[in-house]
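The values are calculated or read from the model by the stated rules, or taken from the named source; none is laboratory data. Because the structure is a prediction, the values reported are computed rather than measured. Reconstructed Cβ throughout: ideal geometry from the backbone, glycine too, with neighbour counts over all protein chains shown.
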Amino acid sequence: MKASFSTTRRHAFVARSADLRKLWELLQDRVGPVTASAQCMDKIDREFNDLEELASYDNPPSKKIFALNLSSCAEDWGKDTHVDLSHNSDLGYTIRITIKEESDKACSELKEKLSDILDGMKPWYSFLTHWIVGVSFCIIGSTSLLYSLPSSSLGNPVSLLSFVLTGAFVVLVAWHLVKIFVPTWREPRLWSRVFPRADFVLGQEEHRYAIKETLRKGIVGGAVAGVPTMILWAWGLVKFWFKIL
């Protein structure tokens with residue numbers, strides 16, 4: 001009895017050469033010969049029939065991979081598996097898995113092994129790829145750092161705090177409305193570059209990835225550092241309101 005499985009995943013991923021090696025070797029061992037097809041920034045599709053050829057791809061900015069398909073098929077066509085990795089914001093997913101196996105057990109085992117590898121490719125900043133959540137988080141946290149300055153240089157800090165919190169709330173509500181009525185709307189280009197949903201860290205990209213990691217940690221670190229100050233000023237705002245009342 002044959003069995004099949006298909007699913008999509010919506011989280012961000014970072015595909016390093018070690019991760020692609022695990023996927024390739026798993027498919028080759030459990031299914032059959034593997035081929036990889038890459039869509040690149042220069043609009044040329046590149047096919048790799050060898051793991052080492054893929055792992056050694058230089059991946060320069062002008063030819064950077066933005067989507068990769070790993071396909072494996074048994075010689076008798078009795079089973080096949082496809083793993084698509086891409087930043088497909090139009091369809092709402094970044095990873096798609098399709099499995100056709102010769103038994104329920106084989107299908108379940110392969111699904112679990114693939115899931116384990118893909119879970120390991122999820123980056124720490126995955127929640128920030130929902131850009132409006134990240135932007136609001138960073139705006140609130142970073143702006144709150146200003147509250148440690150003398151109030152004379154900022155005007156009324158209580159009014160500023162109220163403005164920031166209200167603005168963040170309005171932006172979040174507006175974002176959810178946009179996603180409901182315009183589901184294909186995309187995030188700003190700059191945000192997707194700093195917190196990409198799909199990143200293929202091969203060749204030259206390894207050095208660029210290290211630089212972007214420093215930038216990401218700086219953005220999030222600055223926001224986190226401002227949260228305690230924001231809480232203190234929020235407490236001060238509550239006390240101010242009680243005094244007025």
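Here are the numbers for the structure shown:
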item	result
Candidate set: the stretch 65-84, residues that are buried (at least 20 other Cβ atoms within 10 Å of the Cβ), under 15 Å from LEU20 (Cβ atoms) and not hydroxyl-bearing (Ser, Thr, Tyr); chosen: the one farthest from the chain's Cα centre (by Cα)	LEU70
Residue count, the stretch 45-98 (criterion: part of a loop (DSSP other than H, G, I, E, B), modelled with pLDDT of 90 or more and of a type in the set (D, E, K, R))	4
Close pairs from the stretch 25-40: first under 18 Å from VAL201 (Cα atoms) and touching a residue at least 12 places away in the same chain (Cβ under 8 Å), partner assigned to a strand (DSSP E or B) and of a type in the set (Val, Ile, Thr), Cβ under 8 Å, at least 6 apart	ALA38/ILE65; GLN39/ILE65; CYS40/ILE65
